[in-house]
Amino acid sequence: MDELLRRVNAAMYAALRDPNLLAGESDGVLYRDPTYLFQINAGVQPPGTHNVPHDHGECWAVYGVHTGAMEMTRYERVDDGSDGDFAELRPIETLDCKGGQADVIRPWGIHELRNTSETPAHTFVIRSRNLAEVWRNRFDVDGKSVRRIRSTRLND
């Protein structure tokens with residue numbers, strides 16, 4: 001998987017150099033591959049956008065920021081996962097991804113996204129699967145809890 005993620009990340013960096021990559025206000029699924037199941041999404045993240053800590057279950061993702069900036073925080077789980085409702089997380093790294101930069105999220109990688117700027121961020125995401133097809137986790141850091149979820153939105 002390391003080689004695959006390295007190659008997808010390199011392709012993301014190359015694509016982010018194209019000033020016309022995300023024309024207009026593109027938002028949602030741009031492409032879903034019927035054979036390999038991966039998908040490409042575009043998104044507009046308004047100022048103040050906050051996506052709480054979560055994972056993508058068995059899926060990987062490569063997040064790219066085309067314009068604007070997104071703060072991406074990675075977490076590690078401190079507890080052993082034996083209590084299905086309890087989760088204690090510790091932040092391990094925060095990246096300030098500006099236009100032209102990308103971040104790789106491995107399967108089960110816990111992460112949080114924020115647009116802390118005054119302008120929208122235009123993002124581009126390649127995921128190994130449609131998130132509506134997999135179980136994943138959403139975390140409450142302060143409440144030290146975890147909830148298993150499955151999205152009903154097809155553009156996740």
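Taken together, the values in this text are just the output of simple stated rules run on the coordinates, not laboratory data. Small disclaimer: the values here were computed from a predicted structure and weren't measured. Don't worry about glycine lacking a Cβ; one is built from the backbone with ideal geometry, like all the others, and counts go over all protein chains shown.
Counting Lys +1, Arg +1, Asp -1, Glu -1, what net charge surrounds residue 71 among other residues with beta carbon under 15 Å of its beta carbon?
Result for the neighbourhood of residue 71: -2.
Once you mark the trypsin sites (Lys or Arg not before Pro) that are in a DSSP loop and have at most 14 other Cβ atoms within 10 Å, what is the longest gap between them in the chain?
Between the exposed loop sites, the longest stretch runs 18-149.
May I ask for the angle, rounded to the nearest 10°, between helix 2-16 and the longest principal axis of the chain, with both axes built from Cα atoms and the value confined to 0 to 90°?
Helix 2-16 sits roughly 40 degrees off the main axis of the chain.
With the radius of gyration and the Kirkwood radius both derived from the Cα set of segment 2-149, what is their ratio Rg to Rh?
0.97
Using DSSP loop states and a limit of at most 11 other Cβ atoms within 10 Å to flag GluC sites (Glu not before Pro), what is the longest stretch of the chain containing no flagged site?
26-117
Report ³J(HN,Hα) in whole Hz for each residue of segment 96-113, in order, from the Karplus equation J = 6.51 cos²θ - 1.76 cosθ + 1.60 where θ = phi - 60°; Gly and Pro get x.
Running phi through 6.51 cos²θ - 1.76 cosθ + 1.60 with θ = phi - 60° gives 9, 8, 9, x, x, 10, 9, 9, 9, 10, 7, x, 6, x, 8, 8, 9, 10 Hz.
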